[in-house]
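Presented below is the structure to which this report refers.
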Amino acid sequence: MAAATKQQARRVEPLTEQQAQAAALVAEGIALDDVAATIGEHTATVSEWREDNPAFIAEVNRRRREAWATAQDRLRALVPQALDALAEAVEAGDLKASFEVLKAVGIYGKVPAPEGATDPELVQVQQAEAWATAEVARQGPRDLLQTFHDEDKRTELAQRRLAELRSGAD
């Protein structure tokens with residue numbers, strides 16, 4: 001039997017206590033030499049587990065995800081305090097804190113130029129198109145073939161709405 005076939009046929013064995021302890025240490029970011037010394041194994045053995053043992057790899061991944069989730073939970077718990085401190089700093093006139101608030105909400109350095117049509121007739125066309133698009137969307141999702149019909153319907157509704165707007169009807 002070829003080596004690859006033997007590996008494919010090999011059952012995944014559960015971790016030993018020693019492997020579980022090593023997986024925990026590896027997940028914490030401890031160097032392989034230190035992990036090996038702690039559990040009384042050779043570094044090459046721990047390295048082999050890390051590279052080739054599916055149960056070991058899965059356990060390291062599970063523990064890393066668990067640690068990451070715990071860290072995220074801790075950070076989320078700090079958000080109210082951070083916001084309170086930031087609000088106090090901004091209210092006290094702290095310019096750096098003010099900039100950090102603008103960065104956090106994504107508007108620092110991103111003040112767009114004013115947009116919008118300056119031609120009243122074009123504004124009416126845009127209003128009619130927006131209304132027609134909302135009307136078609138309100139009717140719910142359609143299959144792919146219906147999408148072509150919806151575009152025709154949207155155009156027809158936009159033309160009708162534009163005529164209403166131009167006649168002064170709301």
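For the reader, a short list of remarks on this structure follows.
- Any hit, the stretch 60-69, residues being surrounded by 10 or more Cβ atoms within 10 Å (Cβ to Cβ), in contact (Cβ under 8 Å) with a residue 40 or more places away in the chain, of a type outside the set (Val, Ile, Thr) and assigned by TED's automatic domain parsing to the domain that holds GLY29: yes
- GLU41 vs. criteria modelled with pLDDT of 95 or more and either touching a strand residue (DSSP E or B) at 6+ places or on another chain (Cβ under 6 Å) or surrounded by 12 or more Cβ atoms within 10 Å (Cβ to Cβ) (or both): yes
- Considering the stretch 86-119, and only residues there that are of a type in the set (A, V, I, L, M, F, W, C) and part of a loop (DSSP other than H, G, I, E, B), the residue that is surrounded by the fewest Cβ atoms within 10 Å (Cβ to Cβ) turns out to be ALA113.
- Members of the stretch 17-28 that are surrounded by fewer than 20 Cβ atoms within 10 Å (Cβ to Cβ) and closer than 14 Å to GLU66 by Cβ: ALA20, ALA24, ALA27, GLU28
- Test: residue in the stretch 72-94 that is of a type in the set (S, T, N, Q), under 30 Å from the mean Cα position of the chain (by Cα) and modelled with pLDDT under 95: yes
- When GLN81 is tested against (1) over 26 Å from LEU15 (Cα atoms); (2) of a type outside the set (Lys, Arg); (3) surrounded by 10 or more Cβ atoms within 10 Å (Cβ to Cβ), only condition (3) is not met.
The values are calculated or read from the model by the stated rules, or taken from the named source; none is laboratory data. The model shown is predicted, which means the values in this text are computed figures rather than measured ones. All Cβ positions, even for glycine, are placed from backbone atoms using ideal geometry, and neighbour counts span all protein chains on display.
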